[in-house]
């Protein structure tokens, strides 16, 4: 008999199958629970940690595939293995694509099942060790070592240090992959609440009903499967910080409840009527403009002002290209340890490729690219051929593909392209462009002169170029360089 502490949940609408598998797996030393439908299984996963879930695919109500989708939104590391008949292999293949570990066909072969469970547990152990090592090596979690050179990031971190040790509610905005959750944890770790819980939840990963239960908890009998009282994230975070990601996805009903928490510092469990006081600091994040959501009446204006006490906007990586080199070098060192490699750094040509790419996935995408490059690099330095093909072909900035440029020259090319694109986007309104870039109008003017962009502006349709000369002349007369 195997001696272990692994917990397995068997899910099947046939009670005979559940009982048979529980008996067999218990004899192997596993702790086994059963559920007769997907909804009950989901409730059990939210209440107890499991290593593996062995589930039928075709069940009434919440079927196996729906269960898998719901599990992806929970804080669960359980691997799921599906049971399917020979006539339903397509469903099992679809399950693998959605993230299931494996599938077993009926009738179940006991030997194959045991081997599959062993392999799954071994993989789970490796994944946990890998994630633990990556977490320990991350610079943003416990140290003041954000990797950046960009001035906008310097200003952002200065503001973070100013507000970290306050009770102010914070709204972090930025595209996916820019590091919003890492910044939220950084704020928590530099506050007086650092020794209390830091709880994270995403509004975009759960259904409305499940999300309310996760946030506020529920009482016994509140809904089918609520067999006992359960604390929510707000209660778990008492004395600490709760990070609500994707708050732009919150339903109107949830927005009302969040507003009450911010105003009255109390919660009410789902199905209950008792007010529970909570002492938490709330940090929210959004990957869209909440102002635009308010204008479209998708987000409550009063809640917007409550969560936007302090606003932190993380620029996308494509707008701070000077950060690519230090971030890439950091990830190289991190993955050298993880994968036992000895890559010394980036070659000049590889760096130029990285600087030309648009990085829609931001820092998270760069991290993944660097991990692949460290693994595939045959020599001491990462070369372009070690990078994914889509990175090599994703040329969007004005750096010649075969140019032998220094880092400063490559950054200058990229900076010129960004300024030009921003000017075009704002119809060459320098004030708006300067604000969008986070620099002064004087700095923008000097950079335009440096990059010879003063003559690039095309006259608007139906307007003669001479109509702009007085404004240009007045501006250049105030320039010290022109005066000299």
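The values are calculated or read from the model by the stated rules, or taken from the named source; none is laboratory data. Note that this is a predicted model, so its numbers are computed, not measured. Every residue, glycine as well, gets a Cβ built from its backbone with ideal geometry; the counts of neighbours run over all protein chains shown.
Would it be correct to say that residue 258 is part of a helix (DSSP H, G or I), in contact (Cβ under 8 Å) with a residue 60 or more places away in the chain, in contact with a helix residue (DSSP H, G or I) (Cβ under 8 Å, 6 or more places away or on another chain) and in the same structural domain as residue 212 (by TED's automatic domain parsing)?
It is false that residue 258 is part of a helix (DSSP H, G or I), in contact (Cβ under 8 Å) with a residue 60 or more places away in the chain, in contact with a helix residue (DSSP H, G or I) (Cβ under 8 Å, 6 or more places away or on another chain) and in the same structural domain as residue 212 (by TED's automatic domain parsing).
Of the residues 230, 180, which single one is more than 21 Å from the chain's Cα centre (by Cα) and buried (at least 16 other Cβ atoms within 10 Å of the Cβ)?
Unique residue meeting the criteria: 230.
Could you go through the stretch 453-464 and let me know if any residue there is surrounded by 15 or more Cβ atoms within 10 Å (Cβ to Cβ), at pLDDT below 75 and closer than 30 Å to residue 315 by Cβ.
There is at least one residue in the stretch 453-464 that is surrounded by 15 or more Cβ atoms within 10 Å (Cβ to Cβ), at pLDDT below 75 and closer than 30 Å to residue 315 by Cβ.
Table: residues versus (1) within 24 Å of the chain's Cα centre (by Cα); (2) surrounded by fewer than 21 Cβ atoms within 10 Å (Cβ to Cβ).
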position	(1), (2)
164	yes, yes
217	no, no
223	no, yes
254	yes, yes
266	no, yes
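How many of the residues in the stretch 210-235 are more than 23 Å from residue 163 (Cα to Cα) and in contact with a strand residue (DSSP E or B) (Cβ under 8 Å, 6 or more places away or on another chain)?
Number of matching residues: 17.
To keep it simple, each residue is scored yes or no on (1) closer than 20 Å to residue 148 by Cβ; (2) at pLDDT 80 or above; (3) in a loop (DSSP other than H, G, I, E, B).
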{"residue": "399", "(1), (2), (3)": "no, no, yes"}
{"residue": "408", "(1), (2), (3)": "yes, no, no"}
{"residue": "415", "(1), (2), (3)": "yes, no, no"}
{"residue": "424", "(1), (2), (3)": "no, no, no"}
{"residue": "433", "(1), (2), (3)": "no, yes, no"}
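Which numbered condition in (1) surrounded by fewer than 16 Cβ atoms within 10 Å (Cβ to Cβ); (2) closer than 27 Å to residue 205 by Cβ is the only one that residue 19 fails?
(2)
If you go through the stretch 339-355, how many residues are surrounded by 17 or more Cβ atoms within 10 Å (Cβ to Cβ) and in contact with a helix residue (DSSP H, G or I) (Cβ under 7 Å, 6 or more places away or on another chain)?
Going through the stretch 339-355 one residue at a time, the tally reaches 9.
For every residue, the table says whether it meets (1) assigned to a helix (DSSP H, G or I); (2) more than 19 Å from residue 226 (Cα to Cα); (3) not assigned by TED's automatic domain parsing to the domain that holds residue 118.
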{"position": "22", "(1), (2), (3)": "yes, yes, no"}
{"position": "29", "(1), (2), (3)": "no, yes, no"}
{"position": "39", "(1), (2), (3)": "yes, no, no"}
{"position": "43", "(1), (2), (3)": "yes, no, no"}
{"position": "50", "(1), (2), (3)": "no, no, no"}
{"position": "62", "(1), (2), (3)": "no, no, no"}
{"position": "67", "(1), (2), (3)": "yes, no, no"}
{"position": "83", "(1), (2), (3)": "no, yes, no"}
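From the set of residues in the stretch 6-24 that are in contact (Cβ under 8 Å) with a residue 60 or more places away in the chain and within 37 Å of the chain's Cα centre (by Cα), which is nearest to residue 63 (Cα to Cα)?
12
Do we find that residue 88 is modelled with pLDDT under 70 and either exposed (fewer than 12 other Cβ atoms within 10 Å of the Cβ) or in a helix (DSSP H, G or I) (or both) in this structure?
Considered against the rule, which asks whether it is modelled with pLDDT under 70 and either exposed (fewer than 12 other Cβ atoms within 10 Å of the Cβ) or in a helix (DSSP H, G or I) (or both), residue 88 comes out as yes.
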